[in-house]
Amino acid sequence: MGIDWPPYSPDLNPCDSFLWGYIKDKVYAGNPQRFEDLKTAIQTVIEITETSSLQRVMQNFALRLRHIIAIDGRHIEHVIS
């Protein structure tokens, strides 16, 4: 038995659709070699992430929700990429 879309959809989770990939790209750009380096890099990226970037993520999330409501909960991949 599968799980119906959208409860676990990355389209409905701003962290899955943007934040984790953004953090990963920034962290691994520095090629951390030790666990402590990785931990420090993650903390640094989170601390320097602009509030305006996070606000745009949430605005995009609200837009996705409006689209989903408008199309009665169907998939939105074709609407928003």
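The values are calculated or read from the model by the stated rules, or taken from the named source; none is laboratory data. Note that the structure is a prediction, hence the values are computed from the model and not measured. All Cβ positions, glycine included, derive from the backbone under ideal geometry; neighbour counts span all protein chains shown. Just the protein is used for accessible areas: all its heavy atoms, side chains included, with ligands, DNA and RNA removed. Shrake-Rupley method; radii C 1.70, N 1.55, O 1.52, S 1.80 Å.
What the table shows:
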{"read-out": "Pairs where the first residue, in segment 18-33, is of a type in the set (F, W, Y) and the second is in a loop (DSSP other than H, G, I, E, B) and surrounded by 12 or more Cβ atoms within 10 Å (Cβ to Cβ), C-beta under 8 Å, 6+ apart", "value": "Y22/T49"}
{"read-out": "Odd one out for G30, checked against (1) open to solvent by 100 Å² or more (accessible area, probe 1.4 Å); (2) over 15 Å from the mean Cα position of the chain (by Cα); (3) at pLDDT below 95", "value": "(1)"}
{"read-out": "Residue list for segment 33-62, restricted to those being surrounded by 13 or more Cβ atoms within 10 Å (Cβ to Cβ) and of a type in the set (A, V, I, L, M, F, W, C)", "value": "L38, A41, I42, V45, L54, V57, F61"}
